[in-house]
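To keep things clear, I will list the structure first and then write my remarks on it.
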Amino acid sequence: MTTQQTSDAELATQPAAYWTGVAYEALIAFTRARQADLGFTQPQFWLLRNLSKNDISLDGHGMTIPELRQAMGSYLRAEDDLETEAEVLLERGWLSRDGEGLLWITESGEEARLDIKRHAPEIRDRIHRGIDDADYVTALRVLQQMIRNTGSTLV
């Protein structure tokens with residue numbers, strides 16, 4: 001039987017940890033491939049977001065690579081090299097670096113962040129194709145309850 005033909009009774013016995021891991025890897029790979037097709041990487045987008053006062057940064061103050069790595073610690077992957085990604089953005093003129101080693105988003109970097117951001121809905125729509133919003137919300141609530149059931153806290 002394929003996964004699509006698996007009965008509800010059989011699905012109920014399968015390990016959620018396995019399927020959440022498979023889903024995580026598939027979603028990350030898909031998202032990163034779409035972003036690469038558009039000419040940027042997910043870590044580059046995160047760098048711009050974390051340095052923009054119009055996004056994640058509270059004050060738009062420059063940050064060092066170690067500070068950025070710490071700020072992104074919950075979603076960086078082991079293979080993400082922020083120094084290399086920042087160098088690309090420096091070459092594009094989207095970031096600048098001051099004498100203290102702080103990275104700052106430039107005006108063209110802010111424009112790029114906004115341009116990159118406008119692609120997020122089409123990536124999300126592709127991932128959510130055929131999934132009713134109510135089903136999506138239910139799936140997330142189930143995962144959140146499983147997290148609580150293990151004694152972990154939600155981020």
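The values are calculated or read from the model by the stated rules, or taken from the named source; none is laboratory data. None of the values given here were measured: they were computed from a predicted structure. Counting neighbours? That spans all protein chains shown, and the Cβs are built from the backbone with ideal geometry, glycine included. To get the accessible areas, we keep the full protein, side chains included, count just its heavy atoms, and leave off ligands, DNA and RNA. Shrake-Rupley method; radii C 1.70, N 1.55, O 1.52, S 1.80 Å.
Just wondering, is there one or more residues in the stretch 71-88 that are closer than 20 Å to Gly109 by Cα, of a type in the set (Gly, Ala, Ser) and surrounded by 11 or more Cβ atoms within 10 Å (Cβ to Cβ)?
The answer is yes, given that some residue of the stretch 71-88 is closer than 20 Å to Gly109 by Cα, of a type in the set (Gly, Ala, Ser) and surrounded by 11 or more Cβ atoms within 10 Å (Cβ to Cβ).
Given (1) at pLDDT below 95; (2) closer than 21 Å to Arg126 by Cα, identify the lone condition not met by Thr31.
(1)
Condition (residue is open to solvent by 80 Å² or more (accessible area, probe 1.4 Å) and under 28 Å from Leu103 (Cβ atoms)) applied to the stretch 5-14: is it met by at least one residue?
no
Does Ser57 satisfy the condition of being surrounded by 13 or more Cβ atoms within 10 Å (Cβ to Cβ), at pLDDT below 95 and assigned to a loop (DSSP other than H, G, I, E, B)?
For Ser57, the condition - surrounded by 13 or more Cβ atoms within 10 Å (Cβ to Cβ), at pLDDT below 95 and assigned to a loop (DSSP other than H, G, I, E, B) - is met.
From Leu89, Leu76, grab the single residue that is closer than 25 Å to Arg118 by Cβ, aliphatic (A, V, I, L, M) and in contact with a strand residue (DSSP E or B) (Cβ under 9 Å, 6 or more places away or on another chain).
Only one candidate qualifies: Leu89.
May I ask you to say which residue of Glu67, Glu122 is open to solvent by 60 Å² or more (accessible area, probe 1.4 Å), assigned to a helix (DSSP H, G or I) and either more than 29 Å from Ala17 (Cα to Cα) or among the basic types (Lys, Arg) (or both)?
Glu67
With respect to the numbered conditions (1) within 21 Å of Glu25 (Cβ to Cβ); (2) surrounded by 13 or more Cβ atoms within 10 Å (Cβ to Cβ), which one is the sole condition not fulfilled by Val142?
Among (1) within 21 Å of Glu25 (Cβ to Cβ); (2) surrounded by 13 or more Cβ atoms within 10 Å (Cβ to Cβ), Val142 violates only (2).
Just one of Arg92, Arg129, Arg49 is of a type in the set (D, E, K, R), at pLDDT 95 or above and touching a Lys or Arg at 6+ places or on another chain (Cβ under 7 Å); which is it?
Arg49
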